[in-house]
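The values are calculated or read from the model by the stated rules, or taken from the named source; none is laboratory data. Being a predicted model, the structure only gives us computed values, none of them experimental. No Cβ is skipped: glycine too gets one built from the backbone with ideal geometry, and neighbour counts run over all protein chains shown.
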């Protein structure tokens, strides 16, 4: 099977495995570290074995596996997050995801984001949606808190804040047209965003770092702390406001 078919397949299968674990967990396991760890471990094992079988010569960067410097010399690196949103998963919620992306020679070339709670998998070959300027801007934010920068941005845009779980679920919400942008400044790693960014780019959305620079992957240090994913019709306004805010913070 080709790379995107493989990404879709393994993300979907890992999602089904996790959904079964979630739905069969006893009530007293909900919200526990043990359930989070169990999900992480089982999904990581499945994905690692599947990729090793189907693409034995490729390297892998995963949240749940020890990083190897060998990937820096590789031409093909799978960047995966077996369970994005362990908190939501452990609480029996739907807003979590599985990420599978392929990086080749400097670019993301395939991506799949499984949303098991919605019984769907988004990929970088899905039909491109038709975007329009929103009458009321909606920003995806963390369930626990919105950062001061995002709160200020919402006030300037007159935007509605829409709380939800994992990073992948938030990007997927922009792709699905449920919100208009996701701005993150709280710290992430490459596996948190690689597959979602691949899907978002293919959907015709604007994607970048907070400073407007492109999202780049397979770096020696996988820390990639901020991102912007936006409906293209509001991207210029969004980035102008972000630039003004960060400039004021630097003064």
Taking segment 20-44 as the region of interest, how many residues are under 22 Å from residue 65 (Cα atoms) and surrounded by fewer than 15 Cβ atoms within 10 Å (Cβ to Cβ)?
5
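Based on what the data block shows, is residue 66 part of a loop (DSSP other than H, G, I, E, B) and outside the structural domain of residue 179 (by TED's automatic domain parsing)? Talk me through it step by step, then tell me what you get.
Working: part of a loop (DSSP other than H, G, I, E, B): yes; outside the structural domain of residue 179 (by TED's automatic domain parsing): yes.
Yes: the conditions hold for residue 66.
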Counted residues, segment 154-163 - those being touching a helix residue (DSSP H, G or I) at 6+ places or on another chain (Cβ under 6 Å) and either farther than 16 Å from residue 238 by Cβ or crowded, with 19+ Cβ neighbours inside 10 Å (or both)
0
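Could you list, in sequence order, all residues of segment 220-230 that are part of a loop (DSSP other than H, G, I, E, B) and without any contact (Cβ under 8 Å) to a residue 40 or more places away in the chain?
Within segment 220-230, 221, 224 meet the criteria.
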In segment 1-19, what residues are in contact (Cβ under 8 Å) with a residue 40 or more places away in the chain, crowded, with 18+ Cβ neighbours inside 10 Å and under 17 Å from residue 88 (Cα atoms)?
14, 15, 18, 19
Go over the candidates 113, 121 one by one and state the one that is closer than 16 Å to residue 63 by Cβ and either at pLDDT 95 or above or buried (at least 19 other Cβ atoms within 10 Å of the Cβ) (or both).
113
Against the definition (at pLDDT 95 or above and assigned to a strand (DSSP E or B)), how does residue 82 come out, yes or no?
yes
Return the residues of segment 127-150 that are modelled with pLDDT of 95 or more, outside any strand (DSSP E or B) and surrounded by 15 or more Cβ atoms within 10 Å (Cβ to Cβ); say none if nothing qualifies.
131, 134, 137
Members of segment 60-76 that are touching a residue at least 12 places away in the same chain (Cβ under 8 Å) and over 24 Å from residue 16 (Cα atoms)
67, 69, 71, 72, 74, 75, 76
Residues of segment 14-34 being closer than 16 Å to residue 97 by Cα and more than 21 Å from the chain's Cα centre (by Cα), in sequence order, are 20, 21, 23
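Kindly indicate the residue of segment 75-92 that is farther than 26 Å from residue 56 by Cβ and in contact with a helix residue (DSSP H, G or I) (Cβ under 7 Å, 6 or more places away or on another chain) and also surrounded by the fewest Cβ atoms within 10 Å (Cβ to Cβ) among those meeting that condition. Outline the logic, then answer.
Going through segment 75-92, the residues farther than 26 Å from residue 56 by Cβ turn out to be 85-92.
From the residues that got through so far, the ones that are in contact with a helix residue (DSSP H, G or I) (Cβ under 7 Å, 6 or more places away or on another chain) too are 85-86, 89-90, 92.
On the way: 85: 26, 86: 19, 89: 30, 90: 23, 92: 15.
So the residue we want is 92.
I need the strands (runs of 3 or more DSSP E) fully contained in segment 153-219, keeping only those with at least 3 residues that are more than 25 Å from residue 76 (Cα to Cα).
Values: elements: 160-164, 181-184, 206-208.
Where strands (runs of 3 or more DSSP E) fall fully within segment 153-219 and carry at least 3 residues being more than 25 Å from residue 76 (Cα to Cα), they are 160-164, 181-184.
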